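Accompanying notes for the structure given below.
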Amino acid sequence: QASAQRAQAEQLAGQLDAAQRAREAAQLRLLELTREHAALQAGAKEQAQAAADKLALLEQAEQRLRESFQNLANRILDSSNERFREQSSQQLGGLLEPLKLQLKEFRETVHATHASEQRERGALSQEIQALRELNQRISQDAVNLTRALKGDSQVQGAWGELVLERVLEASGLQAGREYDTQASYADGEGGRQRPDVIVHLPEDKDIVIDSKVSLVAWERLVATTDEDARRIALAEHVASLRRHIDGLSARNYRELDGLRTLDFVLLFVPVEAAFIEAVRADERLYSHALGKNISLVSPSTLLATLRTVAHLWRIERRNLRADEIARRAVLLHDNFALLVEELGAIGSQLDKAQRAHASALRRLTEGGKGSVLLQVRSLAEIAPVRKELPADLLDAADPAPPDAAADPPDGQD
């Protein structure tokens, strides 16, 4: 019985050692992601400041435009009569209203971009915390691996999918939008294939993730303390990975209808220690996989890859918002150019109306006693009228009072 207990203790020590190595690898990856978070946070701060500066410039430009329009409208309206003032005011209001709406939409777009960047920075901090929790769960899963597997391939597959699901949740990608699971594709030979996970990239590209790796030999390796048995189990574990790499390469996901995959597939090994020991035991295993367009990934390296994809999507959405801002800026510029043209046309019409008004007044008042205005006024001497003609027009037509020449001064004949 003491011998059995000692063997069990050595077995647990081996499991603990493997779990410790996995945890150390996860901690190193956590440190790298923390540094990445600091760099991203600094870049986001600079982008937020740039957005605030742009918004301030837009508000200043809007204020200057409003003042310029007001001054121009005042100069135009002050040079016309009341009827032209009302007409031009209505026209200016109709022209300026769309411009005000576009400026408002432009400001709201800039505010939305700034708010989105702040939310993304907060989400990144939450995801870093989720990464820490994930690493703790991975360490615990490594300790309990032998209890979960025991050579059952169905249990292995379910466990691998569970670990992959946790990594996807921690990556910040959204299911159904940035990635899909168990999607079915026609293979061109009448059959169908179901990749475990399809991760979508900007510019209509996809990455396939396969998680159906066998860990039966790995379970035997961590379950024994006999060195010869461990060497045999490790060799079988490496051979199992090589067979899976060759089989995965033969599936030729690039030929599936509707799948726009890159030139490589990610082969997910759900146990950090199993991944590390296999690569350490066979230094050519990784290059063998790359030669068949397959990249071996563990939970920590896959999480780093998916976090990079999530960052690419954030940049893509930010670029789309920047394109929308640029489009609105061009539209604003074009409408402003049209407004300037309309204001010039209004000014020309007002000048023409002023000249016509002055010409009509001259026709009324010129000609001395024979002017049209004085002849019309003489009609009041024939019959009484209810409304007098404007005095300023009469003065312009005949500066001397109409009775001054008819009545001589006192004392003269």
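Points worth noting:
- Boolean, Leu266 is in contact (Cβ under 8 Å) with a residue 24 or more places away in the chain and either among the aliphatic types (A, V, I, L, M) or loosely packed, with under 14 Cβ neighbours inside 10 Å (or both): yes
- In the range 114-126, the residues that are under 23 Å from Asp53 (Cβ atoms) reach residues that are modelled with pLDDT of 70 or more and charged (D, E, K, R) with C-beta atoms within less than 7 angstrom, at least six apart or across chains, in these pairs: Glu120/Arg314.
- Residues of the range 222-262 that are touching a Gly at 6+ places or on another chain (Cβ under 7 Å) and crowded, with 17+ Cβ neighbours inside 10 Å: Val222 alone.
- For the condition within 26 Å of Ile207 (Cα to Cα), at pLDDT 80 or above, in a helix (DSSP H, G or I) and under 32 Å from the mean Cα position of the chain (by Cα), Arg314 qualifies.
Let's see how each residue does on (1) surrounded by 16 or more Cβ atoms within 10 Å (Cβ to Cβ); (2) modelled with pLDDT under 65; (3) farther than 30 Å from Glu120 by Cα:
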| site | (1), (2), (3) |
| --- | --- |
| Thr34 | no, no, no |
| Leu40 | yes, no, no |
| Gln49 | no, no, no |
| Glu62 | yes, yes, no |
| Leu65 | yes, yes, yes |
| Ser79 | no, yes, yes |
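- Residues in the range 246-280 that are in contact with a Lys or Arg (Cβ under 6 Å, 6 or more places away or on another chain) and part of a helix (DSSP H, G or I): Ser249, Ala273.
- Qualifying residue in the range 338-345 (condition: in contact (Cβ under 8 Å) with a residue 12 or more places away in the chain, part of a helix (DSSP H, G or I) and touching a Pro at 6+ places or on another chain (Cβ under 8 Å)): no
- Candidates Ala329, Ala400, Ala353: the one that is modelled with pLDDT of 75 or more and either closer than 30 Å to Pro202 by Cα or exposed (fewer than 13 other Cβ atoms within 10 Å of the Cβ) (or both) is Ala329.
Residue-by-condition table, conditions (1) under 22 Å from Ser171 (Cβ atoms); (2) touching a residue at least 24 places away in the same chain (Cβ under 8 Å):
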site	(1), (2)
Arg243	no, no
Asp246	no, yes
Tyr253	yes, yes
Leu262	yes, yes
Glu272	yes, yes
Arg280	no, no
Lys292	no, yes
Leu306	yes, yes
His311	yes, yes
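- Taken over the range 204-241, residues that are under 46 Å from the mean Cα position of the chain (by Cα), part of a helix (DSSP H, G or I) and touching a residue at least 24 places away in the same chain (Cβ under 8 Å) amount to 7.
- When each of Glu366, Glu342 is tested for being in contact with a helix residue (DSSP H, G or I) (Cβ under 9 Å, 6 or more places away or on another chain), over 30 Å from Glu178 (Cβ atoms) and at pLDDT 80 or above, the lone residue that passes is Glu342.
The values are calculated or read from the model by the stated rules, or taken from the named source; none is laboratory data. For clarity, every value in this text was computed on a predicted model and none was experimentally measured. Every residue, glycine among them, receives a Cβ derived from its backbone with ideal geometry; neighbour counts consider all protein chains shown.
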